[in-house]
Amino acid sequence: EASDYAPAVLVPGDPRRAKYIAETFFDPGYRLVNEERGELGFTGTFQGKPLSVQAVGMGCASAGIYYNELIQLGVTRIIRVGTAGGLAPGLQMADTVVAVSATPDDPVVAQLTNGEAHAPTASYSLVEKAVARARELGARVHVGPIVSAGLFYDPRQGIMQRWAERGHLAVEMEAAMLYTLGALHKIETLTL
């Protein structure tokens, strides 16, 4: 139900990460609002402001189901918080990557635009705020493009190196779907 979710939702892939976020960062009194297929969702507040967290699984196809349903329920800001494989030289474990754009290496993303070319891009106001806040908190921050891969075990020789050579910072599996749906539905999106 729409009342189950706040207007802003954090979307990790892993349900255990969703549970950890609620338990660690939400104010006391948050509640479980979804456990369908084991993908946990919680709603509460953070520093008094309404916030939800919803696990979305792995890959654009899985995440797209959750992103679409959250949008249908009236969510207006979706921020992916997850892990990624580093591609750029100098990246270290626990660095923060703020994804300005996400190259879609998953063919399901192009189905959303009927195959028309589209550059999946984050909401700049969220990029700006996230970068400033992460730096204030002392994080090592990298800002730029990432790749949303369709395959976790990719058989193409040298593909990661070619992505890195073209300036991609990291590779993950969901951001291009989020950014494309954000453009189509006029909602704010970001991936960290």
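The values are calculated or read from the model by the stated rules, or taken from the named source; none is laboratory data. Not measured: the values here are computed from a predicted model. Glycine also receives a Cβ, built like all others from the backbone with ideal geometry; neighbour counts cover every protein chain displayed. Calculation scope for accessible area: heavy atoms of the full protein, side chains included, ligands and nucleic acids excluded. Shrake-Rupley method; radii C 1.70, N 1.55, O 1.52, S 1.80 Å.
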Normalising by the residue count of the stretch 51-192, find the relative contact order in percent from Cα pairs under 8 Å and 6+ residues apart.
-> 40 percent
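Could you tell me which of rounded, prolate or oblate describes the stretch 1-156, using a ≥ b ≥ c as the square roots of the eigenvalues of the alpha-carbon gyration tensor, with rounded for a/c under 1.5 and, failing that, prolate when a/b is larger than b/c and oblate otherwise?
Verdict is oblate for the stretch 1-156.
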What net charge is computed for the residues neighbouring residue 150, neighbours being all others with C-beta under 10 Å from the C-beta of residue 150, Lys and Arg scored +1, Asp and Glu -1?
-> -3
Could you list the chymotrypsin sites (Phe, Trp or Tyr not before Pro) in the stretch 148-192 that lie in coil according to DSSP, counting only those with at most 14 other Cβ atoms within 10 Å of their Cβ?
-> 152, 153
Per-residue [θ]222 nm for the chain (sum of -39500 (n - 2.57) over DSSP H runs n ≥ 4, rounded to 500) = -9000 deg cm²/dmol
Any chance you could look up the accessible area of residue 49 with a 1.4 Å probe, heavy atoms only, rounded to 10 Å²?
-> 140 Å²
Any GluC sites (Glu not before Pro) in the stretch 160-190 that lie in a DSSP loop and have at most 15 other Cβ atoms within 10 Å would be none
Give me the percent of the accessible area of the stretch 58-106 that comes from carbon and sulfur atoms, probe 1.4 Å, all protein chains in place.
-> 57 percent
Which value in Å is the Kirkwood Rh of the stretch 1-78 over different Cα pairs?
-> 12.1 Å
If you take every DSSP beta bridge whose two residues both sit in the chain, what share of them, in percent to the nearest 5, is antiparallel?
-> 40 percent
Apply the Kirkwood formula to the stretch 95-168: the hydrodynamic radius equals the inverse of the mean of 1/r over all pairs of different alpha-carbon atoms; give it in Å with one decimal.
-> 14.0 Å
At most 10 other Cβ within 10 Å, DSSP loop - GluC sites (Glu not before Pro), the stretch 1-104 = 1
With a probe of 1.4 Å, find how much accessible area the stretch 52-124 has per residue, and write the answer as a whole number in Å².
-> 49 Å²
